[in-house]
Structure formats: structure tokens, C-alpha cells
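Step one of this worksheet: look at the structure below.
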Amino acid sequence: MILLDQTILFHPEDDKTNHVIPFTLSRDCVKLEFACSYTPKVIQDEALKRWAVLSNIGRYVPRYQLPLYQDMYDQVEDLVNLLTLSLDYEDQYLGCAHRHAPIQTHFLSAKQSSPGFLRHHPAAGDYRAVINIHSITSPEVAFHLVITALFEEETV
Amino acid sequence: MIEYKAFEMHSHTFHSDGTFSVESLCQACKVRELDGVALTDHNTMSGWEEITPALEEQTLPVIRGIEWTTFYGHMLVIGADRYVDWRLATPENIDRFTEAISAANGAVGIAHPFSLGSPFCTGCHWEFRVKEWKNIHYVEVWSGPFPLFEPYNEPGFQMWTDLLNQGHRLAASCGIDWHENDLEENHHMPVTCLGVENGEVSTRTAREALRAGRVYVTGGPALDFQIEQSGKRHGLGAAVNSGAATLLWGVDQTARTSQWNSFGLIPRRVAFIQNGGEVLSIELSGQEKEKGQTAYELWPGWIRLELYGDYQGRADQLLGFTSPIYVEKD
Ligand SMILES: [Zn+2]
Ligand SMILES: [Zn+2]
């Protein structure tokens with residue numbers, strides 16, 4: 001059963017924030033699935049990439065070391081947006097999938113959860129899907145999330 | 001009785017963005033003759049579920065950690081008794097979170113403080129405005145696969161020294177930040193050595209060593225630095241009084257030798273750094289195990305030992321260093 005199917009648009013002003021999506025599971029299920037995708041991943045606009053690289057390098061590198069980084073723009077192959085998914089059940093943190101692939105599927109179950117998430121029997125209760133917006137450089141990023149609950153009768 | 005053991009203190013598996021499994025990480029660390037590895041996946045503890053007594057028996061003990069991968073900096077959290085949420089940390093409120101971790105007996109370390117931040121490596125640069133330094137226990141001053149050569153480690157090392165000079169008590173660590181088994185077998189890998197009780201390697205003893213400052217970093221030989229004062233010996237992280245003291249030091253080249261002796265690493269001298277300045281340098285004779293002692297008048301502040309020598313064709317390179325012994329006004 002699909003519990004949620006949502007596309008959320010994020011912008012540079014959402015950079016370094018968490019977007020919380022609460023949802024409720026009304027009865028125990030055997031598996032909760034989270035299909036996530038976001039686009040764009042890679043910043044294709046060369047002018048934007050150039051601006052992002054050059055306007056930030058000085059924030060991190062001490063002045064005396066700046067010459068070491070003067071070719072930075074040429075060295076940066078891909079500049080990317082990074083959004084990750086973390087999950088909570090009631091007051092318990094269930095983990096996070098901190099990796100770069102822009103299309104990911106995760107699941108929670110008692111026997112095993114997908115990498116990044118603790119084993120968790122999907123009991124009825126309040127859950128939170130939290131999108132961690134680590135970095136947005138593109139003018140707009142679309143995040144698509146589909147949450148599916150699988151019940152006993154569906155898996156037999 | 002404190003014994004120093006060799007660790008990799010920063011690693012990732014496929015539970016975050018690494019390609020290692022927990023098991024393959026442990027196997028790789030065993031090949032490196034390590035005594036323990038800290039599993040510090042980004043923002044998750046799910047890899048801990050794969051740590052079994054059988055795995056630790058076959059490979060090596062795994063220290064339970066997590067790398068807080070926040071929007072404003074990365075922080076290594078080792079051995080906390082409970083999870084503290086990383087998601088709400090901001091530059092202004094970080095003290096509240098380090099306090100909670102510290103109250104849960106966790107050791108808190110600033111990871112790679114001078115890595116490039118967003119948009120290059122998201123949140124990798126330390127931008128937190130810490131006011132309560134007592135809840136931060138160490139700084140990862142050597143980071144990355146080639147820690148002796150990474151340019152960003154130089155300001156990180158200086159940051160550590162500056163913080164010590166401001167009166168804060170902080171140990172220092174090294175972390176390869178190991179994500180995948182991509183290092184050739186002949187890749188040189190410096191280590192963090194932790195002074196653990198009775199040589200026991202566990203999450204508890206590792207976090208206690210970090211919190212107490214019983215930590216040194218070496219690219220090669222085992223190091224020893226103690227201060228004798230009024231008939232008592234004091235190790236790394238301890239506090240002594242200013243005034244007359246004896247510095248006791250040791251360099252042991254028989255430790256994990258096969259892991260570093262083919263990299264042109266030749267120890268030449270030990271130096272004592274007090275309050276940021278080199279106050280004493282002692283030439284080594286080249287013996288396998290060397291130790292010595294020197295009478296020295298301590299000023300208030302801190303003192304650490306640094307090891308210098310040849311490294312891959314370059315002379316007088318920093319090859320290792322200890323965390324400080326603190327000197328209080330008598
Ligand atoms: Zn990583
Ligand atoms: Zn990191």
C-alpha cells in the first residue's frame with residue numbers, strides 16, 4: 001500500500017536544512033519501503049559551477065595556501081547536489097543513507113534493513129522521513145519520495 | 001597499567017558511502033597489523049549490527065563510533081552510550097550537542113577541520129563556533145590516505161596547537177578516512193595509538209583513552225613520553241606542575257615494522273615542543289629501541305614530543321607526535 005507519493009522542490013535557500021515528512025502507519029506491516037530520487041545531481045551549467053568553485057574556495061583555505069588550489073576549478077570534475085534520507089520511528093533514530101547516488105531504494109524490516117538503517121519491525125505508529133539537504137547549488141532540485149508499506153497478506 | 005595499541009580511527013562501509021563491508025574492513029585492518037578499528041559511518045550506527053564476537057575473534061576488535069556528518073562540520077563520536085541527533089546542530093548551538101555526547105561518555109573529535117566544505121565536500125570544513133571546548137576531546141590533525149602530504153592537514157595541525165595555547169586540553173588523532181580497499185598493500189598508513197587499560201581493546205577503553213588524552217600518532221615507531229616529577233611518573237594527557245622535572249622518552253622501531261620500514265622512513269631525532277615552540281631536540285643513534293631522559297624546567301602550559309626524520313626522500317619530516325602533557329602553575 002502506498003502511504004505517500006510526493007515530489008518536493010528545493011532551492012538554494014533550503015541549503016543546510018532538514019525537511020521533515022511525518023507519516024503514520026495505522027497497523028503493523030512487515031516491510032516499509034522508501035523509493036527516493038532527486039534531480040539534478042550534477043551541476044551541468046559551467047558558469048554556475050565556476051562561480052560556485054571560485055566564490056567558495058577562499059572560505060576554506062588559509063590565504064597562504066591559496067596558490068596550492070589555484071587550479072581548483074579544473075580539478076573539480078563534478079559539482080553535485082547532495083540530499084540524503086534519514087528516518088525516525090517515534091523517538092528513535094533509525095539511521096540514514098549517506099551516499100551520493102541520486103536514485104536509491106531503502107527498506108526497514110525486522111530481519112534486516114537496507115544499509116544505513118537499523119533493523120526495525122515496522123510497527124504501527126508515527127514515523128518521520130527527514131530529507132537532509134546537505135548541499136544545493138542548482139537553482140532547483142526536485143526530490144521524489146514514495147513510501148510503501150507491505151503487509152503480511154501481500155508478501156505471501 | 002596503560003598499554004598503547006595501534007588503531008585506524010576513521011572508517012566507512014556501505015552502511016554509508018564506503019564500499020567496504022564491515023567484515024572486509026576488519027580483514028583489511030588485520031592485514032595492517034592493527035589492534036583495533038573505529039567504525040565511524042556517516043550518520044548511522046547500522047554497521048554495528050554486523051559486529052559479532054566471531055568477527056572480532058577472527059579479525060580485530062571494532063570500536064563503535066559514528067561520524068557526525070553535519071552541514072557545518074564533521075565530528076567523530078566514539079563510544080557514546082546513547083545516540084545524540086546530529087541533524088539540528090548549527091554553528092551557534094554545537095556546545096549543547098557536544099555536552100550531551102560527553103555526558104553519555106562519548107569521546108568527541110573534530111574530523112579533518114580544514115577539508116574543503118560545500119559545495120566541494122559537503123559540510124567537511126569545521127565551521128562550528130565552539131564555546132565549551134571541554135566537551136571536545138581531540139582533533140583529527142592527520143587525515144586522508146596520505147596524511148603527511150595533504151595540504152589541509154597543515155592548518156589543522158596549527159589549529160590544534162593554537163587551541164592548546166589558548167589553554168584548552170585536546171588530544172590529536174590520525175584517520176585514513178578509509179572508504180574502500182583501494183590502497184595498495186604497500187601504501188603507507190600512519191596510525192593512532194591509544195593508551196588503554198591493561199592492553200584491553202574495546203569501545204570502552206578506547207573512548208576512555210581519547211577522553212583522557214592518552215593518544216599519540218605515528219607513521220612508524222612506537223613512541224613513549226612521560227614526565228617524572230617528585231618521584232612520580234605522568235603520561236600523556238596528565239597534568240604536572242611547572243618547575244623541575246625529568247622528561248622520559250622512548251622510540252621503539254620494532255613495533256609494526258613491516259608496515260612502515262619500506263617507505264624510506266628513518267627516525268633521526270625527537271623534539272620537545274612547549275607551548276608551540278621547539279625547546280629541545282635530541283639526536284637518535286638509530287638503535288632499534290632507544291630511550292633517554294633529560295632534566296628540564298617546565299613552564300606552565302603544555303608539552304608534547306614530536307618525532308622527525310627522513311620520509312620518502314625528504315629530510316626532517318614530522319613522522320609522529322604525541323598529545324600533550326599539561327603543565328600547571330606550581
Ligand atoms: Zn564518506
Ligand atoms: Zn568526514
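For segment B:222-328, dividing the convex hull volume of the Cα atoms by the residue count gives 93 Å³ per residue.
Computed from the alpha carbon atoms alone, the convex hull of chain A holds 127 Å³ per residue. Isolated cysteines of chain B, defined as having no other cysteine beta carbon under 4.7 Å away, are B:Cys26, B:Cys29, B:Cys174, B:Cys193. Evaluated with a Cβ-only charge set (Lys, Arg +1; Asp, Glu -1), chain B carries a dipole of roughly 840 debye about its Cα centre, given to the nearest 20.
Model label points for A:Leu68 and A:Trp51, set 7 angstrom from Cα along the Cα-to-Cβ axis, are 3.0 nm apart. In this structure, the residue pairs whose Cα-Cα separation is over 30 Å, taken from B:Lys232/B:Lys291; B:Lys5/B:Lys134; B:Lys30/B:Lys134, are B:Lys30/B:Lys134. In the protein assembly as shown, inverting the average of 1/r over every pair of distinct C-alpha atoms gives 23.8 Å as the Kirkwood radius.
For B:Ala100 and A:Gln44, what is the calculated FRET efficiency with R₀ set at 30 Å and r taken between the beta-carbons, to the nearest 0.05? If you can, show how the numbers build up before the last one.
On the way: r = 42 Å, r/R0 = 1.38.
In this case the efficiency is close to 0.10.
Counting beta carbons within 10 Å around each of B:Ile63, A:Ile57 and listing the fewest first gives the order A:Ile57, B:Ile63. Would you please classify the overall shape of segment B:90-221 from the alpha carbon gyration tensor, given that a ≥ b ≥ c denote the square roots of the eigenvalues, rounded means a/c under 1.5, and beyond that prolate means a/b larger than b/c while oblate covers the rest? In terms of gyration-tensor shape, oblate. Here the label points at B:Asp85 and A:Ala35, each 7 Å from Cα along the C-beta direction, are separated by 2.9 nm in the simple model.
Which residues make up the longest stretch of chain A that has no trypsin sites (Lys or Arg not before Pro) in a DSSP loop with at most 11 other Cβ atoms within 10 Å? Present the calculation step by step, with values, prior to reporting the outcome.
Values: sites that count: A:Arg27, A:Lys111.
The answer is A:28-110.
Paramagnetic label reach from B:Glu283 (point 7 Å along Cα→Cβ; backbone nitrogen cut-off under 11 Å): within segment B:260-277, residues B:269. Straight-line reach from A:Lys16: taking Cα to Cα under 13 Å and skipping same-chain neighbours fewer than 8 places apart, the aspartates and glutamates in range are B:Glu127. Taking a ≥ b ≥ c as the square roots of the eigenvalues of the alpha carbon gyration tensor, segment B:150-226 is oblate, as a/c is not under 1.5 and a/b does not beat b/c.
Panel note: the C-alpha atoms of segment B:280-330, placed on their principal axes, show extents of 43, 19, 15 Å (largest first). Look at the Cα gyration tensor of segment B:2-218: its axes a ≥ b ≥ c give a/c under 1.5, and that counts as rounded.
Read-outs throughout are calculated quantities, based only on the coordinates presented, and are distinct from any laboratory measurement. Every value quoted in this text rests on a predicted model; they were computed, and no experiment measured them. Note that we place each Cβ from the backbone using ideal geometry, even for glycine, and neighbour counts take in every protein chain shown.
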